[in-house]
Amino acid sequence: MSQLRDEKSTLRDSKDSSVPKVAVDPVFETNEKVFLGGLGDDSPDPTKRGSTDDSEPEHDFKSEEFANIPELVRTVVGFEDDPSLPVLTFRSLLLSALFCTIGSIVSQLSYFRTTTAPFPVFFVILASAPLGRLLARVLPDYTVPLGRFSFSLNPGPFSIKEHAIVGIAANAGSQGQWATFLPTNAALYYGITMHPAIALFFGWGASLLGFAFAAMVRKILIDDPEFIFPLSLQQVTLYRSMQGKSELHKSTSKKQMKVFWWILLGTFIWQFLPEYLFPFVAALAPLCWFASRNHTVNFLGAGRGGIGLLNITLNWSNITSTVITYPYSVQVTIFVGFVITTWILIPVAYLGNLWGSPTYNIMSNGVFQKNGSSYPFESLIYTDSSGIQHVNETRYHEVGLAYSGAQYTWEIFMVSLHSKASLFSLLILFLKWYASYISSFVWCGLFLGPKIA
């Protein structure tokens, strides 16, 4: 065995040294101490931390197999797989159901607030790891007898694949449901109550439609290695770090965890103070402090009712985690779009009296009459003797058109423009990737069809 290892070492040393070799860890180690949070040894020597091999697998990233994979992906993602690790287990399904239920309720309630606070998947990743390890300790090693569908309550240490399944399920199922806006708005503004079963199937249909579109573009946007997803790469890094892939020994890891918990406590206090005790720190407007009687300056500097020029916020709900999770290029693009819409287009609409903008709150999402009062949606609907609801056209002509603030009007315009541009670009990509298939069907229809007939 040692002779074979020496021969492999000789062959490896004889290769061209200019070809870079990057060591890639296996995706997971089945050492129980690693699963339960320990690294097996306090020694800083990386060869003594639960590793059973003399050397880690190496990959030639200049080979054809890795040629199209971006360097960032090669650095973060492991290329080794252990097919024996459990994936869909009782523990993963239980934790997925738990976090999906909590997350969907929290996210849905948050959508009805002025400032949304979505249920973050990073919280699920952080919380599911200790819960999974706890279940691995307390659940009995019992197999539920269901014939070919039998399963074990505790198949062993909590694996990284179970951990990832919980995160994926929470990311897909705990972000609320946009389709609920239709029945809620119908009940709130028009007095129309949708049957719960219809609302439920409507929500399912909207979600499945989104998954169907995702499946259609999977080959273009997902399978193509040129398109990377930075947020997913951060999740992969967190999975690997929490499952014992750190190169640090135990004492250093404990110090890092102490720092993490102190930061978590500070973040909680920071969030609690501006949210409940000192809400004024959510928008600090220096321009309004120095020229409180100047209407134009107040419009430029106010966070509510203005464009928030040079505003400062201490509320994490307004800052959000995008400043540390989005790539720099994406943040620059978002900031440029913000400057164009908020600091240019909205002042143009307000100061130029477009759509009667000075009459309404420019940052409001509400709908108004021409005089600025709330739009009476309920009075536009009437129910006939058979229970069918209709639009009262006479009342509509009396009330007039509906108006909105400058910000909401520009948002509707931009969303409409973005939707059309996205569909057009998707069509171009579809034609690019499937041109050969389309041309074959056209050829069959024009030339082969008449011969078959």
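The values are calculated or read from the model by the stated rules, or taken from the named source; none is laboratory data. On a predicted model such as this, the values are computed, not experimentally measured, just so you know. Methodologically, a virtual Cβ is constructed for each residue, glycine included, from the backbone with ideal geometry; neighbour enumeration extends over all protein chains shown.
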**Request:** Name every residue in region 275-297 that is more than 20 Å from N318 (Cβ to Cβ) and in a helix (DSSP H, G or I), in order of residue number.
**Result:** F290, H295, T296, V297
**Asked** Taking into account only those residues within region 284-301 that are in contact with a helix residue (DSSP H, G or I) (Cβ under 6 Å, 6 or more places away or on another chain) and of a type in the set (G, A, S), which is nearest to P347 (Cα to Cα)?
**Response** G301
**Prompt:** surrounded by 11 or more Cβ atoms within 10 Å (Cβ to Cβ) and in a helix (DSSP H, G or I) - does that describe any residue in region 358-366?
**Reply:** yes
**Request:** Hey, can you tell me all the residues within region 318-328 that are touching a residue at least 24 places away in the same chain (Cβ under 8 Å), within 16 Å of the chain's Cα centre (by Cα) and in a helix (DSSP H, G or I)?
**Result:** T325
**Every residue from region 130-159 that is assigned to a helix (DSSP H, G or I) and in contact (Cβ under 8 Å) with a residue 40 or more places away in the chain** = P130, G132, R133, L135, A136, R137
**Prompt:** So, in region 367-410, of the ones that are free of Cβ contacts under 8 Å to residues at least 60 places away in the same chain and of a type in the set (D, E), which residue ends up surrounded by the most Cβ atoms within 10 Å (Cβ to Cβ)?
**Reply:** E398
**Message:** Restricting to region 114-129, and then to whatever is of a type in the set (A, V, I, L, M, F, W, C) and not in a helix (DSSP H, G or I), can you tell me which residue is surrounded by the fewest Cβ atoms within 10 Å (Cβ to Cβ)?
**Reply:** A117
**Request:** Please verify whether region 129-148 includes one or more residues that are out of contact with any Lys or Arg (no Cβ under 6 Å at 6 or more places or on another chain), closer than 25 Å to Q177 by Cα and in the same structural domain as G173 (by TED's automatic domain parsing).
**Result:** no
**Complete:** Flagged pairs (Cβ under 8 angstrom, 6 or more apart or on separate chains; first in region 97-114, under 14 Å from F181 (Cβ atoms); second assigned to a helix (DSSP H, G or I) and aliphatic (A, V, I, L, M)) are none
